[in-house]
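Down below is the structure, laid out as structure tokens.
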Amino acid sequence: MKAVLCSSFTGPDDLRLGEIDEPKPAGDQILIDVHAASVSFMDHLLVSGLYQMRPPTPFVPGTEASGVVVAVGDKVTTFAPGDRVACSSWTGGYAERMIARESKSVHLPDGVAFEAAATVLHNYGTAWYALVERAKVRRGETLLVTGAAGGVGLAAVDLGSHLGLRVIAGVGSDDKAALVRDYGASETVNYRSEDLRDRIKSLTSGNGIDVGFDNVGGAIFEQMARLMAWGGRLMPIGFTGGEIPQIPMNLPLLKNYSILGVFVGAWAEKFSAEAARMDDTLMQLLAGEKIRPHIDRILPLEQAGDAMRAIANRTVQGRIVLKIR
């Protein structure tokens, strides 16, 4: 079967389309005819050797996909051949067929397109876990999302709006402002051309933000640490800016705010039943048009490297999807 192969941790330029043997599902796994796979910043980090794990090479990238079940392991009870599913996995999505664990797969409701379904579990799963499970947000609170036009950021804007939050969207260029407003942001701030601290103080009448959802890291996170409201929750989601921040710990002490780590992948490994319930909730929200994944473009499988380069160059709004069938 056809698959994109990563043979060395040297980035998307060295990815190659090749032929590999079809994987076989173990007892708790399902085998899926992949129809669509999304491309994430995490995928780019993984093939570049910059993620916290390194699979044995060669491997097939792709952390999220959707398709139709063709076979199941002997311990699987919730899926059968012919079921439409979405799944998440550390690897394997950029191929004609992939395997995924039963606990990290979810049924697709009728009418949900494969392309949209392939963009939900990572993006909206991260946003849900951060906002609902970790921050325990309350309607009316003020949420600042950085990297707000990217896949995870835009999901946080969309979900935050659905949960009744006042959403301020931080973007790196003015051309992204219209999109984040369309997804529910009441205000935007361009942290490359505006002073983030002055702008947030102005927008919150000096009170600061209740919830910080930071995808960028570095100096942006360090500025957010000085913009928190009393009892707020500041969450590092990722470090797309390339720099892991450091902050003086007297800042959370003085405002009694919390810094909450968000690593939904690790949580899903430890608490698979809870994660499965979250995935089902997200698919029901998608089917009911309560959330709206944004697909920047759809590309063929052989352009996976192009998709990763576009993400690295910050020219993607929402997600790129690879259409495989």
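The values are calculated or read from the model by the stated rules, or taken from the named source; none is laboratory data. The structure displayed is predicted, hence computed values, not measured ones. Here the Cβ positions follow ideal geometry from the backbone for every residue, glycine too, while neighbour counts run over all protein chains shown.
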| task | Confirm whether Ser193 is at pLDDT 95 or above, part of a loop (DSSP other than H, G, I, E, B) and loosely packed, with under 15 Cβ neighbours inside 10 Å. | result | no
| request: Considering every residue within the range 265-274, establish whether at least one is modelled with pLDDT under 95, among the polar types (S, T, N, Q) and under 25 Å from Val106 (Cβ atoms). | output: yes
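Got at least one residue in the range 259-270 being of a type in the set (Lys, Arg) and out of contact with any strand residue (DSSP E or B) (no Cβ under 6 Å at 6 or more places or on another chain)?
Yes, because at least one residue in the range 259-270 is of a type in the set (Lys, Arg) and out of contact with any strand residue (DSSP E or B) (no Cβ under 6 Å at 6 or more places or on another chain).
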| note | Gly212 passes all but one of the listed conditions (1) in contact with a helix residue (DSSP H, G or I) (Cβ under 7 Å, 6 or more places away or on another chain); (2) within 29 Å of Ser38 (Cα to Cα); (3) surrounded by fewer than 16 Cβ atoms within 10 Å (Cβ to Cβ); the exception is number (3)
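Being surrounded by fewer than 24 Cβ atoms within 10 Å (Cβ to Cβ) and modelled with pLDDT of 95 or more is the filter here, so list the residues in the range 136-176 that pass it. Write out each step before concluding.
Within the range 136-176, the subset surrounded by fewer than 24 Cβ atoms within 10 Å (Cβ to Cβ) is 136-142, 161-164, 166, 172-176.
Lys136, Val137, Arg138, Arg139, Gly140, Glu141, Thr142, Ser161, His162, Leu163, Gly164, Arg166, listed by residue number.
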| task | Output the number of the condition that Ser38 fails; it satisfies all remaining conditions of (1) in contact with a Lys or Arg (Cβ under 6 Å, 6 or more places away or on another chain); (2) assigned to a loop (DSSP other than H, G, I, E, B). | result | (2)
| If we only count strands (runs of 3 or more DSSP E) wholly inside the range 224-325, which ones have 2 or more residues that are in contact (Cβ under 8 Å) with a residue 12 or more places away in the chain, crowded, with 22+ Cβ neighbours inside 10 Å and under 14 Å from the mean Cα position of the chain (by Cα)? | 319-323
| said: Condition check: among the hydroxyl-bearing types (Ser, Thr, Tyr), without any contact (Cβ under 8 Å) to a residue 24 or more places away in the chain and either assigned to a helix (DSSP H, G or I) or over 25 Å from Val316 (Cα atoms) (or both). Does Ser205 satisfy that? | reply: yes
| query | What number of residues in the range 41-66 are outside any strand (DSSP E or B) and either small (Gly, Ala, Ser) or surrounded by 17 or more Cβ atoms within 10 Å (Cβ to Cβ) (or both)? | reply | 13
